Amino acid sequence: MTFDMAKAGMQTGARPSLDQTSQHERDRFWMGFALLEAKAAREAGEVPVGAVVVIDDRIAGRGHNAPIGRCDPTAHAEVIAIREAALRVGNYRLADATLYATIEPCAMCAGAIVQARIQRLVYGAADTKAGGVESVFSICTNSSLNHQVEVESGVDADASRELMQGFFRERRKSAGVKEANSGAGGVTDRSAADE
């Protein structure tokens, strides 16, 4: 089954009417598109992480994990979305952008977010084993760096966490491995895909 972004309403550059909504409602709206990207990753057999970059209430870039399919260890959802947004706007600095990611970005992606000068990061579930934003490292808000990012966490965290946990549950099941702890909170670790 092929995931069709257009059928799912995910058209880059689409601009909805969000004038009368709260910031939390806006965040949930855009996170919905990141979740669609995560589902596309899952369908491609990749760890289900999705991201979108939003500038002026438009999706400027989108991406989902694809390191296996692209044979590229840097092909994380956030990096792909940032690259697409930078190309679209014609600038490697995305100062007015908000990046929505389903899972807390890893250290590499957090570094890319800082380097792109993204204004705001909104993510869903924490990555308690490898999170580069709050859980393990604090890259996006580190005062030693020349740019700090405003961070909002926990937006649609349950949906993001369930996608990740479901993916690894199925993976263990198909590998014939018994699930040792069905309630584990740290299942969001992207590196677990390599185990």
For the stretch 93-160, whose charge dipole is built from +1 on Lys and Arg Cβ atoms and -1 on Asp and Glu Cβ atoms, the candidate among Ser143, Gly132, Thr98 with its Cα farthest towards the positive end is Ser143
Magnitude of the Cβ-charge dipole (Lys and Arg +1, Asp and Glu -1) of the stretch 97-167 about the Cα centre, nearest 20 debye, reported as 260 debye
DSSP loop (so not H, G, I, E, B), at most 16 other Cβ within 10 Å: list which trypsin sites (Lys or Arg not before Pro) in the stretch 45-101 pass both filters.
Arg93
Full-extension gain between Leu87 and Lys129, please, as 0.36 nm times their residue separation minus the C-alpha to C-alpha distance.
11.9 nm
Quick calc: nm separation of the 7 Å Cα→Cβ label points for Arg169 and Gln148 -> 3.9 nm
Suppose every K and R has +1 on its Cβ and every D and E has -1 on its Cβ; what is the size of the dipole of the stretch 36-87 about the Cα centre, in Debye to the nearest 20?
100 debye
Around Ser153, what is the net charge, scoring Lys/Arg as +1 and Asp/Glu as -1 over all other residues with Cβ under 9 Å from its Cβ?
-3
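Quick note: the coordinates plus some simple rules give every number you see, no bench work behind them. Quantities reported herein were computed from a predicted structural model and do not represent experimental measurements. Note that each Cβ is placed from the backbone with ideal geometry, even for glycine, and that neighbours are counted across all protein chains shown.
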